[in-house]
1. Using θ = phi - 60° and the Karplus relation 6.51 cos²θ - 1.76 cosθ + 1.60, list the HN-Hα couplings for the range 40-52 in order, rounded to whole Hz, with x at every Gly or Pro.
2. If you count only protein heavy atoms with a 1.4 Å probe, what accessible area per residue comes out for the chain, rounded to a whole Å²?
3. Share of the range 6-86's accessible area from carbon and sulfur, percent, 1.4 Å?
4. Counting Lys +1, Arg +1, Asp -1, Glu -1, what net charge surrounds I52 among other residues with beta carbon under 15 Å of its beta carbon?
5. Quick query: amide H of T17 versus all other amide H atoms, modeled in the peptide plane; which residues come in under 5 Å with a sequence gap of 5 or more or a different chain?
6. Å³ per residue of the Cα convex hull, for the chain?
7. Pull up the DSSP beta bridges for the chain and report the antiparallel fraction as a percent, rounded to 5.
8. Please compute the modelled spin-label separation between V25 and T38, points set 7 Å along Cα→Cβ, answer in nm with one decimal.
Amino acid sequence: PSEIPLEGDVYLSVYSTGFGVSKTVPAVKIGDTPIPVTAVESLKQFPGVDQINIGPIPRSLAGKRGLPLSMSVAGIASNAVIVSFQ
């Protein structure tokens, strides 16, 4: 996986499906750390694809590797992706 440097405030845009139909903001975690969701938007140019903006990523995750990033809505979890930070 790519490593993301944590210099200044770092935000991630995650692309997924199925979140735009929900009126509930997804809960996001990286490892065991909850991450704030700043926006959820359905992409008109790609029907069915949603952009979820998260962050800022806590500096405590700097240097961490192989952490699962997971999202859930109404108790239904997404598949996790693995992220690493410099």
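The values are calculated or read from the model by the stated rules, or taken from the named source; none is laboratory data. All of these numbers come straight from a predicted model, not from anything done at the bench. Don't worry about glycine lacking a Cβ; one is built from the backbone with ideal geometry, like all the others, and counts go over all protein chains shown. With ligands, DNA and RNA removed, areas are computed over all heavy atoms of the protein, side chains included. Shrake-Rupley method; radii C 1.70, N 1.55, O 1.52, S 1.80 Å.
1. My calculation for the range 40-52 gives 10, 9, 7, 8, 5, 6, 10, x, x, 9, 10, 10, 10 Hz in order.
2. Here the residues of the chain average 62 Å² of exposed surface.
3. On the way: 2700 of 4970 Å².
Answer for the range 6-86 is 54 percent, counting heavy atoms of protein chains only.
4. Charge balance near I52 sits at 0.
5. Distant-sequence amide H within range of T17: D50.
6. Numbers: hull volume 8.3 nm³, N = 86.
Normalising the Cα hull of the chain by residue number yields 96 Å³.
7. If we restrict to bridges inside the chain, about 90 percent are antiparallel.
8. Spacing of the two 7 Å Cα→Cβ label points: 1.3 nm.
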